[in-house]
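Presented below is the structure to which this report refers.
The values are calculated or read from the model by the stated rules, or taken from the named source; none is laboratory data. Just so we're clear, the structure is a prediction, and the values are computed from it rather than from any experiment. No Cβ is skipped: glycine too gets one built from the backbone with ideal geometry, and neighbour counts run over all protein chains shown. When the accessible area is computed, the model is the full protein with side chains, heavy atoms only, and any ligands, DNA or RNA have been set aside. Shrake-Rupley method; radii C 1.70, N 1.55, O 1.52, S 1.80 Å.
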Amino acid sequence: PPTPSPTTTTTSPATPAPTPSPTGVTTPAITQTVPPGATTPTSPLATASYQNTHFGFSLAYPAGWRLEETGSVSPVIVAAPPDNSPLGLNAQIFYDSEVTDPTKAADALVAGVLRLPGGRILSQETVKIEGDTPAAQVVYALGRGDQEARGVLTVATRGTQIVTVVFIAPVAAFQQQQEQYLAMLRRLRLEEPRPFGISRSEAVTLFYPGPATLDPALATEVTSVQYIMQLFGGLVALDPQLKVVPDLAERWEVNPAGTVYTFFLRANARFHDGRQVTAQDVKYSWERTAKSPSTTAPTYLGDIVGVKDVVDKKAQSISGVEVVDARTLRVTIDAPKSYFLSKLTHPAAFVVDKANVEVATQPWWVKPNGTGPFRLKGWMPDVSLALEANKSYHRELARVAYVVFQQVGASPLQLYQTGETDVAFLGLDEIDEVQAAGKPLTDQLKETAQLSISFVGFNVTRPPFDDPLVRRAFLLAADRVRLVKEVFRDREEVAQGILPPGLPAYNRQIAPIPFDPAQARQLLSQSRYAQAMPEITFITAGRTQASPVIEALVKMWQENLGVRVGVQLLEPEQYYYLLPSVGGNLYNYSWIADYPDPENFLDALFHSKVPNNPGQFSSQLVDQLLEKARTEPDPEARVRLYRQAEEALMNEAAAVPLTFGSEFYLVKARVQGLVVTPQGLVELRLVSLAPATR
């Protein structure tokens, strides 16, 4: 599927720390009930206790106040009096890109206080909170006169995590019980974080972005697929060597013509709730995928007779799928295709529970009843997600009890170094830091070559890229060798074609694409847009700016062709979902193998009728070669057809190939058996924890 951040310089982007909210609680206009500076007798402050095991802290707050957990990090909780008087308390979690001390962290937050109207610091000191832990405590003022409020900021740090408690009140109310409030806030305690009740010692913890969806029918990018592979399964699966193996089906038979597959389901194949998986469940799941707004159904199920009719709403059921009995399913495909079983390892073919899917509360997949090696233990969106081993799994059981995905933080490397995570997928800057001379982590750094390609696609339905001369000009004007050297630091391979090394039909002798700006300018001058180049927009993923790769390409085209290219950013998590409807002239795309077959690259990306062709490239020659290769029984002849198709794509300048990728990651010694496949997926079922040493 598409990879999460196309042509960025980090393979698993860090989640940015939340923007600090120094005052924490927004106060309305405050009316003084006691003149400033006046004192009145006060009674002891009654307090209640709150404990958050997820983030690992506890605190005291005024008894009788309403307290609410937000399900987020900034703030984690908010508390206020029941009479809605203008007092408030909250706790927030931030993450720094480096290990910091409380005073330094407080200084950064104090800077925000000083920017607020009337903001001024009254005192700042180092204090000891519960457990004799050092913390910073800042007393500050906001506003003036009868609008003045007082606040207290208590800051403690642990690794890259910053725990902040904020209390704010009208100045008179604050002065009445200032010492008691300060003492209450010093009862903050840092404890072991136990997300969803899970201790660090019993879980493998990874820093990894959250999924866009857990619905197997809708997932289109590798981040969501990573989670779905743990929770769901299909009739067959791929092992770590990318060989097709039985999953829900214990075996299958194929007729001599290669068009009818009969699957026999395992007797012990069960959903997480214990219900047995039946052939009817498989049929329901495939028909649901075909009826859904899925972009993957035509690609991965479209070889089955009748699927296209359901996708096109011409039929309600798939005619080529027959439920023989509870444990037997007969499937007819439109022609013999050697890769058909491999396609069934894609989430589009996974089995879901009808009763689970059709619950009234949506989305259903926040509480999935799957068949995979793990169950969903807990999920706080954009914060963390935990899996627990499925003890009734029908294949080899998972070797680790829990897996925790941390989804918020500032630096994967820092989280790894502080022991907050066990596995870190690194960006290029972090790889440089790890490999610097004398660094102790070098022996923990791993690399896996991926079956992946990143490229720039052309929207051939819009000027100027409906002219092949313009496409060719942009291809020749991109100095891809320089790009790999300067941006990727030679850690990825320049792609001369579409098929990556390690894939059948990879052609090491394919003609290299030259960098030839003079020829590029000549082609542009011969094109029908030589006199009037239309506005060009490059669609790419990003929040505030384009990646260094995109910036470098835009600069090359400006320098070598004299053409200005504008950039339009889409949210990275939604990039592949939004791209087909956005338009634009150029787009960047990263693709990693669903299964190790050239059909999954050339046919899935460049046939004129496939959904993963957002630029709508179309070539009669390419279509003919790809369609012939689909049913070619001779493996060597099939390889020749795909190589011809790849050469035709390069001759027609269908895209600007950039790089074949690699994954760089760190793994702690306590984690054993972790394998990142050439698909960019972690086979978590095979991971175990080394026994603790005394």
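Using +1 at the C-beta of Lys and Arg and -1 at the C-beta of Asp and Glu, which of Ala297, Ala279, Met184 has the Cα lying farthest in the positive direction of the dipole of the range 183-321?
My answer, from the dipole projection, is Met184.
Compare the Cα positions of Leu658, Asn560, Gly502 along the charge dipole of the chain (+1 at Cβ of Lys, Arg; -1 at Cβ of Asp, Glu; about the Cα centre) and return the one farthest towards the positive end.
Gly502
Of the cross-linked pairs Lys337/Lys391; Lys104/Lys485; Lys313/Lys337; Lys243/Lys283; Lys283/Lys446; Lys283/Lys337, which ones have a Cα-Cα span greater than 29 Å in the structure shown? Intermediate values should be presented prior to the final figure.
Numbers: Lys337/Lys391 36 Å; Lys104/Lys485 37 Å; Lys313/Lys337 25 Å; Lys243/Lys283 24 Å; Lys283/Lys446 41 Å; Lys283/Lys337 21 Å.
As for pairs spanning more than 29 Å Cα to Cα, those are Lys337/Lys391; Lys104/Lys485; Lys283/Lys446.
Filter the cross-link list Lys308/Lys609; Lys343/Lys377; Lys308/Lys354 down to pairs whose alpha-carbon distance in this structure exceeds 24 Å.
Numbers: Lys308/Lys609 12 Å; Lys343/Lys377 29 Å; Lys308/Lys354 22 Å.
In this structure, Lys343/Lys377 lie more than 24 Å apart at Cα.
What FRET efficiency comes out for Val324 versus Glu535 if R0 is 60 angstrom and r is the Cβ-Cβ distance? Round to the nearest 0.05. Can you show the working numbers first?
Details: r = 58 Å, r/R0 = 0.97.
E between Val324 and Glu535, to the nearest 0.05, is 0.55.
Given contacts defined as C-alpha pairs under 8 Å and at least six residues apart, what's the relative contact order of the range 399-539, whole-number percent?
Values: 95 pairs, mean separation 30.1, N = 141.
The normalised contact order for the range 399-539 reaches 21 percent.
Assign unit charges at the C-beta atoms only (+1 for Lys and Arg, -1 for Asp and Glu), then state the dipole size of the range 93-182 relative to its Cα centre in Debye, rounded to the nearest 20.
Numbers: 7 positive and 10 negative charges, 49 e Å.
So the magnitude is around 240 debye.
With a 1.4 Å probe and every protein chain kept in, tell me what percent of the accessible surface of the chain is carbon plus sulfur.
On the way: 13850 of 27740 Å².
Ligands and nucleic acids excluded, carbon and sulfur give 50 percent.
Placing one identical point scatterer on every Cα of the range 227-361 and ignoring solvent, what is log10 I(q)/I(0) from the Debye formula at q = 0.18 Å⁻¹?
Here log10 of I(q) over I(0) equals -1.02.
What number comes out for accessible area per residue over the range 199-330 if the probe is 1.4 Å? Units Å², please.
Numbers: 4790 Å² over 132 residues.
For the range 199-330, the per-residue accessible area is 36 Å².
Tell me the net charge near Val310. Cut-off is 9 Å between Cβ atoms, Val310 excluded, with +1 for each Lys or Arg and -1 for each Asp or Glu.
Details: positive: Lys291, Lys308, Lys313, Lys314; negative: Glu287, Asp309, Asp312.
Cβ neighbours under 9 Å give a net charge of +1.
Relative contact order, percent, of the range 605-684 when contacts are C-alpha pairs under 8 Å separated by at least 6 residues? Don't jump to the answer; show the numbers that get you there.
On the way: 48 pairs, mean separation 13.1, N = 80.
So the answer I get is 16 percent.
Less than 19 Å apart at the alpha-carbon level, and either on another chain or at least 8 residues along: which aspartates and glutamates does that give for Lys314?
Glu287, Asp303, Glu322, Asp334
Cβ under 12 Å from Val404's Cβ, Val404 left aside: what net charge do those residues give with Lys, Arg +1 and Asp, Glu -1?
Details: positive: Arg194, Arg200, Lys377; negative: Glu202, Glu388, Glu420, Asp422.
Here the charged neighbours net out to -1.
For the range 550-630, state which trypsin sites (Lys or Arg not before Pro) are in a DSSP loop and have at most 13 other beta carbons lying within 10 Å of their beta carbon. Kindly include the intermediate steps, with their values, before the conclusion.
Working: sites: Lys555, Arg564, Lys609, Lys628, Arg630; in loops: Arg564, Lys609.
Answer by residue number: Arg564, Lys609.
Looking at the chain, identify the longest residue range that excludes and avoids all GluC sites (Glu not before Pro) in DSSP loops having at most 14 other Cβ atoms within 10 Å.
Working: sites that count: Glu98, Glu358, Glu396, Glu535.
Answer - 99-357.
Take the Cα coordinates of the chain, assign each an equal point scatterer, and use the Debye formula without solvent to give log10 I(q)/I(0) at q = 0.06, 0.09 Å⁻¹.
The Debye formula, applied to the Cα set alone, gives -0.43, -0.88.
Under the 0.36 nm per residue contour assumption, what length would be gained going from the current alpha-carbon distance of Trp65 and Gln435 to full extension? It would help to have the intermediate numbers written out before the result.
Working: separation 370, 0.36 × 370 = 133.20 nm, distance 5.18 nm.
Between Trp65 and Gln435, full extension yields an extra 128.0 nm.
Hey, any idea what Rg/Rh is for the range 546-694, computing Rh the Kirkwood way over Cα pairs?
1.07
Please compute the length gained on full extension between Glu191 and Gln616, using 0.36 nm multiplied by the number of residues separating them and subtracting their Cα-Cα distance. Could you put the intermediate results ahead of the total?
Working: separation 425, 0.36 × 425 = 153.00 nm, distance 5.47 nm.
This chain segment gains 147.5 nm when fully extended.
If you average the sequence gap of Cα pairs under 8 Å that are 6 or more apart and divide by the length of the chain, what percent do you get for the contact order?
Working: 1536 pairs, mean separation 107.8, N = 694.
So the answer I get is 16 percent.
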